[in-house]
Structures are given as structure tokens and as C-alpha cells.
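Remarks on the structure that follows.
The values are calculated or read from the model by the stated rules, or taken from the named source; none is laboratory data. Here the structure is a predicted model, which means the values were calculated and not measured. Cβ placement follows ideal geometry from the backbone for every residue including glycine, while neighbour counts extend to all protein chains displayed.
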Amino acid sequence: MIHLTKSKKGLTFDIHVTPHASRAEITSIQDGAFKVRVTAPPVEGAANEACIKLLAQELGLKKSQMEIVAGAKSRKKTVTVKNISKTDLESKINGFLKANKICEQKSLLENL
């Protein structure tokens, strides 16, 4: 499951981004973070903008509600969502996960 935490600005969660992918998609959950692939290159914030656009579209949120607050130049980023309750955001995430049959990826070490 995605780890949601409260902050002064809203609710936050982590994503792990793969830029320059063949297509834009949310592929799985690993270590409590969405694994996101975007077609944009990691240049001048293009991949960050693509992440926000994809997340907003898939979760049924407005782009203006979302902001990358940490990791702008890293593959691991923290996203803040404003003006939504934790219950509503959890509901949107769960709906997306069920609709797209996405489950949490387990590491090989956990299976031993």
C-alpha cells in the first residue's frame, strides 16, 4: 500500500520515476511508493511535469492540487496533494489500483 503522511501543505507520498520510458504509466507499488514511468526526459523539469500530469489523470485529481516537494532532481520524489482528505485520497488510490490490477511488488529477499 502507498504510505500517506500528513504535512503542513497536505498529504504526501513517494514515487520512484523512470524517465525516457517507452510509455507513461504507473506500473506497481514498491516499498510504499508508486513506480512511475514517463516518456519525458529528465531535463528542465519535463519528467517532473509529466509525473504530475500522469498522477493527476490516473487518480482523478487536478494538477494544481499536486506538487513535487522533494527530489526534483532525483528518481525518488515526494509528492504533496492539497485540498483533499486522507480518506478521499486513499479511496482514489484504491480505486485506481483495483481498476488497473496493480499490486505491491515484493522484493526477492522477502520471499525467502
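Things worth noting here:
- Single unsatisfied condition, V43 versus (1) within 13 Å of the chain's Cα centre (by Cα); (2) in a loop (DSSP other than H, G, I, E, B): (1)
- Of all residues in the range 65-104 being of a type in the set (D, E, K, R), modelled with pLDDT of 90 or more and touching a strand residue (DSSP E or B) at 6+ places or on another chain (Cβ under 8 Å), the one that is farthest from F13 (Cα to Cα): R75
- Leading residue by the ranking (farthest from S91 (Cα to Cα)) among those in the range 53-64 that are touching a residue at least 24 places away in the same chain (Cβ under 8 Å) and in contact with a strand residue (DSSP E or B) (Cβ under 7 Å, 6 or more places away or on another chain): L54
- Taken together, the residues in the range 71-95 that are crowded, with 17+ Cβ neighbours inside 10 Å and under 15 Å from the mean Cα position of the chain (by Cα) amount to 7.
- Selection within the range 50-70: residues that are hydrophobic (A, V, I, L, M, F, W, C) and surrounded by fewer than 18 Cβ atoms within 10 Å (Cβ to Cβ). The member of this set that is nearest to K98 (Cα to Cα) is A56.
- Test: residue in the range 29-39 that is touching a helix residue (DSSP H, G or I) at 6+ places or on another chain (Cβ under 7 Å) and crowded, with 17+ Cβ neighbours inside 10 Å: yes
- Within the range 43-61, the residues that satisfy the criterion of being over 16 Å from L11 (Cβ atoms) and hydrophobic (A, V, I, L, M, F, W, C) are V43, A46, A47, A50, C51, L54.
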